[in-house]
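The structure appears right after this line, and notes come after that.
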Amino acid sequence: MSDVTETHCPYCALQCGMGLSPAEGPVPVSVVERPGFPVNRGALCGKGANAAAVLAPGARLTTPLVRDGGVLRPAGWDEALGRITDALRATAAAHGPDAVGVFGGGGLTNEKAYLLGKFARVVLGTSAIDYNGRFCMSSAAAAGIRAFGLDRGLPFPLDDVPRAGCVVLVGANPAETMPPFVRYLRELRDNGGTLIVVDPRRTRTAELADLHLAPRPGTDLALALGLLHLVVADGRTDEAFIAARTTGWPEARAAAMALWPEHVEAVTGVPLPRLRAAARLFCAAGTAMVLTARGPEQQAKGTDTVNAWINLCLATGNAGRRYAGYGCLTGQGNGQGGREHGQKADQLPGYRRLDDPAARAHVAAVWGVDPASLPGPGRSAYELLDSLGTDVRALLLTGSNPVVSAPASTHVGERLRALDFLAVSDVVLSETAELADVVLPVTQWAEETGTLTNLEGRVVLRRRAVDAPAGVRSDLEVLHALADRLGHGERFPTDPEQVFEELRRASAGGPADYAGISYRRIAAEDGVFWPCPDEGHPGTPRLFLDRFATPDGRARFVPVRHRPPVEEPDEQYPVRLTTGRVLAQYQSGAQTRRVPALNAAAPGPYVELHPVLAERLGIADGERVAVVSRRGRTVTPARLTTAIRPDTAFMPFHWAGEGNANRHTNPVLDPISRMPEFKACAVRLERL
């Protein structure tokens, strides 16, 4: 079909291939299969199949809005941009450049993320920039850098997953969060491989498993240490691999051996026979993988937790070879690329460190500025949000909805309201945009061209299939217009391919080297894996086969020790709460809640309880209950199921208002990754 535009889904990090065909009516295109793209081979989940619905005029913004008399009203672009630039100038003049903040998103294209970081540092001169990807996989990234010297979500292609002998999914529910991935798990089973799922709930993914371990929320670190203890005690370590390709084993082994399996059973609630079965299945396989997601990562000890699972892989020789290793299932659509090119508080393009003089010199040369003019590292995402209204007085926010998605979301909403000025660029009028002084309507996936990097490190090309409505501009055009008004317009091109060409130069020689990747190559090769240092290089689907990215080429064991969740149940708050996603909604729901078919499948929030817990509290199925924590109160229907631990409650986090689960989540931060503890807090349940 010559009129079909080949592109990619706007949602999760699989970046499934899809086609867009012209259509009649308010939705200008229809979604069709793209069977030739290797990641999903045409398969799409309900979110992807209904993605075009957000292109409908009634679902999205089509004109700038400015606040007058406490009310947002339509305005022209000149007025909206003028208000923003006046506020930025006034704030910087009165309080200094770091009083102006920038907050980005893990769904932005590589080109947008790159220019957003450049805008903050070159135009605004501010260190106050971070993005919501800090809430996604920052713990896995930090752990990967500590162990391997490099972070890429999956250091191997997805096609390796079904060829492993055993796969352990930790805190991951891809059957609901990225359904096309499930085919890899089914192929694993068909090939004779074993699937182990670690999750406090018996999810749709856990239903596929050969073995399901259901630990208490926040105890994944103890579980991983317990498994390593059993592996060592049973003499199943790969001593040749450890000697040839790692360092730090004695210290890591001692840390694991200090935690007895019986104590692990008591801490996690996982029976010892099931722990032994998991260790046996993992070691019996010829090759094995551990794949983590937000469950173990979104904790105040998330980095150590991921390193504990990496230690298990290293001790058994399951790293640096085909069909084995550790990987992270990235969540957001460009969660990988979004953190590689400069919108993170401590990074420059190419995954360079902002405090590295050589990195600063290289990027400054590409940008044509003095390296000394670049600000230093700034605050992490939650710390930046927490500083609003005090240190940071004006904020530019694009592609994020922290009123719903941030931890302690009631507090974050208060900080946003405390700002002197808030400007939001978004496709829809999100709950965060409703608080803004200026709202800019920007193009979305089908209306723009740009690259994204999926969870396996494959750089893919999103293609424009339809013109945006009149009155809507791209984020690149917005950044150019603001930069132009502030005296730097010539540094900010609006053509995405031109931006990508500059990104290639800025990333050259860095850990995430895109220098050899071009739009032409991506189109011809169904994506190119980084690092790819020159156009003659084939790309790198598999990392670490010959050496790890450390100075001596060896992987690092990291000795880690168990510690409990920051907030344990007590008499006042006796129930553990954990959070997650459901099949028909995505992230804060800002877009999916505007799609009728998805809302029909998942119309609203709920709290999931085991019947034993519900009976003890006198709560009936469907009854509205109050969930109360130290940070907030929500009211939502109860949903009873035996698929959850009796000591645990679960809430999906896609909704705003009185059902917003993130009113409860704990903003205490991992000391290394600065990840908040989303996945474990203490609550009580009250009948209304």
TODO: Please find, within the range 165-191, the residue that is farthest from HIS654 (Cα to Cα) out of those that are among the β-branched types (Val, Ile, Thr) and not in a helix (DSSP H, G or I).
DONE: VAL167
Open item on the list: Here is a check on your reading of the model: is THR642 out of contact with any Phe, Trp or Tyr (no Cβ under 9 Å at 6 or more places or on another chain), of a type in the set (S, T, N, Q) and open to solvent by 10 Å² or more (accessible area, probe 1.4 Å)?
Closed with: yes
Task: Pairs with Cβ under 8 Å, 6+ apart, first in the range 563-582 and of a type outside the set (A, V, I, L, M), second assigned to a loop (DSSP other than H, G, I, E, B) and open to solvent by 40 Å² or more (accessible area, probe 1.4 Å) - done: GLU567/ARG630; PRO569/ASP647; TYR573/ARG630; ARG576/ARG216; ARG576/PRO569; ARG576/ASP647; ARG581/GLN587
Task: Matching residues, the range 75-109, being touching a strand residue (DSSP E or B) at 6+ places or on another chain (Cβ under 7 Å) and charged (D, E, K, R) - done: GLU79, ARG83
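Residue-by-condition table, conditions (1) surrounded by 20 or more Cβ atoms within 10 Å (Cβ to Cβ); (2) among the aliphatic types (A, V, I, L, M); (3) in contact (Cβ under 8 Å) with a residue 40 or more places away in the chain:
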residue	(1), (2), (3)
ARG630	no, no, yes
PRO646	no, no, no
ALA649	yes, yes, yes
TRP655	yes, no, yes
ASN660	yes, no, yes
PRO667	yes, no, yes
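Has the range 427-436 got any residue that is assigned to a loop (DSSP other than H, G, I, E, B), open to solvent by 20 Å² or more (accessible area, probe 1.4 Å) and either out of contact with any Phe, Trp or Tyr (no Cβ under 8 Å at 6 or more places or on another chain) or of a type in the set (Lys, Arg) (or both)?
Yes - at least one qualifying residue is present in the range 427-436.
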Open item on the list: Residue under question is PRO215, and the condition is that it be open to solvent by less than 10 Å² (accessible area, probe 1.4 Å) and either in contact with a Cys (Cβ under 6 Å, 6 or more places away or on another chain) or farther than 30 Å from CYS16 by Cβ (or both); does it hold?
Closed with: yes
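Return the residues of the range 27-46 that are without any contact (Cβ under 8 Å) to a residue 40 or more places away in the chain and closer than 18 Å to LEU452 by Cβ; say none if nothing qualifies.
Hits for the range 27-46 are VAL31, ARG34.
Out of curiosity, is ASP420 closer than 29 Å to LEU388 by Cβ and buried (at least 24 other Cβ atoms within 10 Å of the Cβ)? Walk me through it before giving the result.
On the way: closer than 29 Å to LEU388 by Cβ: yes; buried (at least 24 other Cβ atoms within 10 Å of the Cβ): no.
Taking the combined requirement at face value, the residue does not satisfy it.
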- [ ] Output the residue which, of all residues in the range 453-503 that are of a type in the set (Asp, Glu) and part of a loop (DSSP other than H, G, I, E, B), is most open to solvent (accessible area, probe 1.4 Å).
- [x] ASP467
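Conditions tested, residue by residue: (1) modelled with pLDDT under 95; (2) out of contact with any Lys or Arg (no Cβ under 9 Å at 6 or more places or on another chain); (3) aliphatic (A, V, I, L, M).
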position	(1), (2), (3)
GLN587	yes, no, no
ARG593	yes, yes, no
LEU598	yes, no, yes
PRO611	no, yes, no
ILE619	no, no, yes
GLU623	no, no, no
TODO: Could you please find all residues in the range 529-544 being surrounded by 12 or more Cβ atoms within 10 Å (Cβ to Cβ) and either of a type outside the set (Phe, Trp, Tyr) or in a loop (DSSP other than H, G, I, E, B) (or both)?
DONE: TRP530, PRO531, CYS532, PRO533, GLU535, HIS537, GLY539, THR540, PRO541, ARG542, LEU543, PHE544
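Which one of these is open to solvent by 50 Å² or more (accessible area, probe 1.4 Å) and within 23 Å of ASP199 (Cα to Cα): ARG563, ARG547, ARG554?
The match here is ARG563.
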Open item on the list: Given the criteria crowded, with 17+ Cβ neighbours inside 10 Å, over 26 Å from the mean Cα position of the chain (by Cα), modelled with pLDDT of 95 or more and outside any helix (DSSP H, G or I), does PRO511 qualify?
Closed with: no
- [ ] Answer yes or no as to whether CYS283 is closer than 30 Å to GLY509 by Cβ, open to solvent by less than 50 Å² (accessible area, probe 1.4 Å) and either of a type in the set (A, V, I, L, M, F, W, C) or at pLDDT below 95 (or both).
- [x] no
TODO: With the condition kept exactly as written, say whether any residue in the range 99-118 is on the phi < 0 side of the Ramachandran plot, open to solvent by 20 Å² or more (accessible area, probe 1.4 Å), within 26 Å of the chain's Cα centre (by Cα) and small (Gly, Ala, Ser).
DONE: yes
- [ ] Identify all residues within the range 89-98 that are within 32 Å of the chain's Cα centre (by Cα) and part of a helix (DSSP H, G or I); write none if there are none.
- [x] THR91, ALA92, PRO97, ASP98
Open item on the list: I'd like the residue in the range 357-386 that is closer than 12 Å to GLY510 by Cα and touching a strand residue (DSSP E or B) at 6+ places or on another chain (Cβ under 8 Å) and, out of all such residues, is most open to solvent (accessible area, probe 1.4 Å).
Closed with: HIS362
TODO: Give the residue that is nearest to VAL683 (Cα to Cα), with candidates limited to residues of the range 543-567 that are aliphatic (A, V, I, L, M) and within 25 Å of the chain's Cα centre (by Cα).
DONE: VAL566
TODO: Could you tell me whether any residue of the range 300-323 is open to solvent by 10 Å² or more (accessible area, probe 1.4 Å), assigned to a strand (DSSP E or B) and in contact with a helix residue (DSSP H, G or I) (Cβ under 7 Å, 6 or more places away or on another chain)?
DONE: no
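Listed here are the residues, each with its yes/no results for (1) more than 19 Å from LEU479 (Cβ to Cβ); (2) hydroxyl-bearing (Ser, Thr, Tyr); (3) under 20 Å from the mean Cα position of the chain (by Cα); (4) open to solvent by 50 Å² or more (accessible area, probe 1.4 Å).
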{"site": "CYS12", "(1), (2), (3), (4)": "yes, no, yes, no"}
{"site": "SER30", "(1), (2), (3), (4)": "yes, yes, no, no"}
{"site": "ALA59", "(1), (2), (3), (4)": "yes, no, no, no"}
{"site": "PRO64", "(1), (2), (3), (4)": "no, no, no, no"}
{"site": "ARG73", "(1), (2), (3), (4)": "yes, no, no, yes"}
- [ ] Look through the range 32-88, keep the residues that are assigned to a helix (DSSP H, G or I) and among the β-branched types (Val, Ile, Thr), and return whichever of them is farthest from CYS16 (Cα to Cα).
- [x] THR85
Task: Among the residues listed as THR390, THR398, the single one being surrounded by fewer than 20 Cβ atoms within 10 Å (Cβ to Cβ) and polar (S, T, N, Q) - done: THR390
Task: Leading residue by the ranking (surrounded by the most Cβ atoms within 10 Å (Cβ to Cβ)) among those in the range 583-603 that are closer than 21 Å to LEU429 by Cβ and free of Cβ contacts under 8 Å to residues at least 40 places away in the same chain - done: ASN599
- [ ] Count, please, the residues in the range 192-245 that happen to be among the acidic types (Asp, Glu) and assigned to a helix (DSSP H, G or I).
- [x] 3
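The values are calculated or read from the model by the stated rules, or taken from the named source; none is laboratory data. These numbers were taken from a predicted model, which means no experiment stands behind them. Note that each Cβ is placed from the backbone with ideal geometry, even for glycine, and that neighbours are counted across all protein chains shown. Just so you know, the surface numbers come from the protein's heavy atoms only, side chains and all, with ligands and any DNA or RNA stripped out. Shrake-Rupley method; radii C 1.70, N 1.55, O 1.52, S 1.80 Å.
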